Amino acid sequence: MPRTGTLPTVLTGVFVTILDFFIVNVAIPTTERDLHASAAAIEWVVAGYGLAYGSGLILGGRLGDLYGRRRLFMLGLGLFTLASAACGLAPDAGTLIAARVGQGAAAALLAPQILAILRTTYTGRAQVRAISAYATTMGLASVFGQLIGGLLIQADLFGLGWRLCFLINVPIGLTVLAVARRYVPESRVEGGARLDAGGAALVTLALVAALLPLIEGRERGWPLWTWLCFALAALLLLGYGRRRHESPLIDLSLFRERAFAAGLLTQLALSLSLAPYFLVFALYVQQARGLDALGAGLAFLPLGAGYLVGSLGAARLVARLGRQGIALGALLRAAGLAVLLAAVSGEAPVRWLAPGLLIDGLGMGLAFAPIMATVLSRVAPRHAGAAAGLLTTTQQAGGALGVGIIGIVFYGGGPDGFRHSLLYLVWVALAVAALVQWLPRSPAAPPRAARPAGREAAPARP
């Protein structure tokens, strides 16, 4: 049974891992000057985290299924805290890159356990509320990451500057580790299941081969090696599909469940627009409107306010309207982006961007959490970690692909690049509304009974 402190404890883990995707963006200029780092090195400070994180999520989720979700949550958080300290104390760019890769790998152990813990600890409406809280936390960390980074750098406590963006994770991590054993129940799969090491190697290498060109391809002009990486990823996944193992890393029977398969596809479409949107909006308000990093962070406030309201009401709306509640969120996104496009086209003052951002944030909040609840709702508990890893990997892959696409649109459009980007985002939102129609009518229905192929241990008493 969950305790009062279970949800805030695990959600803190969500917050710090997502925050580190975005907080580093505002630290780049001062980091580059302080460490005398090259542009390529600074690029890998960002890319190293994303690559290690995205490629390790499925393996991290399965390790939690087999060896204990609380155990992997605490291990991942402990390593993440150590890596954050190494980032904050890094004497040169090489050390910082290595520490960022370590941060990403630790986050890959930590992140899928959170959704798996929510899936196995809570049931019924409590589970939907818990996953909604997860989505709210994730969205707020994404929206306000740049603002928090700007505030920390401006505060310059103890003269730490950019280093504080990483060192802030240390007291947070230590505090959560101190209470996790008390508040987070343990759960795992029983019955002698063991890790498919060969399958884990194939899937992880395939994800590296797929994500590396997605992260680096646009910046480097899509050279031949990027396309060879995509081909290699396809071959590795094909090799995995031909394997047979008693406890596979990814149980392909998961995709026979309509809610899971359609939910993952819808999540992929939604992810094509989220991270790319934050990127091009931050670039636009700084490059075209002359705002500094802190001003750009403050410009996100209406989006964050709308997201918070939408995510808090999402479960109630979907309970009443079913999948059409998610479709309504996607259509609100399209409307908000259209309003924003009109303000940008009319060269309105920055403050007139707020209504479009508010509507967009509302739609984003209404759509995001219910899609995640849909993906996990009918997954048997014994597959909770692997399914959570697949979900978060889909989010990362969609975000990386979306950044690549919108980079072409934004930089290729010249002075109209941001307007063209907004048009792309409107079409993606409309595509999400269409894909939602493939979901079950009540997308977050209670899960089915687990199949007899494996047995899930009941959450252990702390």
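Remarks
- Tally of residues being part of a helix (DSSP H, G or I), surrounded by fewer than 24 Cβ atoms within 10 Å (Cβ to Cβ) and without any contact (Cβ under 8 Å) to a residue 60 or more places away in the chain across region 56-96: 7
- Selection count, region 261-287, where residues are surrounded by fewer than 19 Cβ atoms within 10 Å (Cβ to Cβ) and at pLDDT below 85: 3
- Residue, nearest to A126 (Cα to Cα), within region 425-462, restricted to residues that are modelled with pLDDT of 85 or more and in contact with a Ser or Thr (Cβ under 8 Å, 6 or more places away or on another chain): L439
- Tally of residues being buried (at least 22 other Cβ atoms within 10 Å of the Cβ) and acidic (D, E) across region 6-38: 1
- Number of positions in region 137-158 that are in contact (Cβ under 8 Å) with a residue 60 or more places away in the chain and of a type in the set (F, W, Y): 1
- Total residues in region 356-371 satisfying the condition of being among the aliphatic types (A, V, I, L, M), within 18 Å of the chain's Cα centre (by Cα) and closer than 24 Å to L301 by Cβ: the figure is 4.
- Taken over region 178-229, residues that are more than 18 Å from L63 (Cβ to Cβ), in a helix (DSSP H, G or I) and under 22 Å from the mean Cα position of the chain (by Cα) amount to 8.
- Per the listing L214, L167, L177, the residue uniquely closer than 26 Å to Q395 by Cα and either in contact with a helix residue (DSSP H, G or I) (Cβ under 8 Å, 6 or more places away or on another chain) or buried (at least 18 other Cβ atoms within 10 Å of the Cβ) (or both) is L214.
- Members of region 12-61 found to be under 14 Å from the mean Cα position of the chain (by Cα) and of a type in the set (D, E, K, R), listed by number: D20
A quick yes/no check of all residues on (1) surrounded by fewer than 18 Cβ atoms within 10 Å (Cβ to Cβ); (2) closer than 23 Å to S311 by Cβ; (3) among the small types (G, A, S); (4) free of Cβ contacts under 8 Å to residues at least 40 places away in the same chain:
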{"residue": "T123", "(1), (2), (3), (4)": "yes, yes, no, no"}
{"residue": "S132", "(1), (2), (3), (4)": "no, yes, yes, no"}
{"residue": "A135", "(1), (2), (3), (4)": "no, yes, yes, no"}
{"residue": "L160", "(1), (2), (3), (4)": "yes, no, no, no"}
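- Subset of region 283-342 [of a type in the set (D, E, K, R) and under 14 Å from G365 (Cβ atoms)]: R316, R333
- Of residues in region 287-317 being part of a helix (DSSP H, G or I) and under 14 Å from R351 (Cα atoms), the one nearest to the chain's Cα centre (by Cα): L303
- Scanning region 326-385 for residues that are outside any helix (DSSP H, G or I) and under 30 Å from L66 (Cα atoms) yields R378, V379, A380.
- Test result for A108, in a helix (DSSP H, G or I), surrounded by 24 or more Cβ atoms within 10 Å (Cβ to Cβ) and at pLDDT below 90: no
The values are calculated or read from the model by the stated rules, or taken from the named source; none is laboratory data. Predicted model, so just to flag it, every value in this text is computed and none were measured. Positions of Cβ are generated from backbone atoms using ideal geometry, with glycine treated the same way; all protein chains shown enter the neighbour counts.
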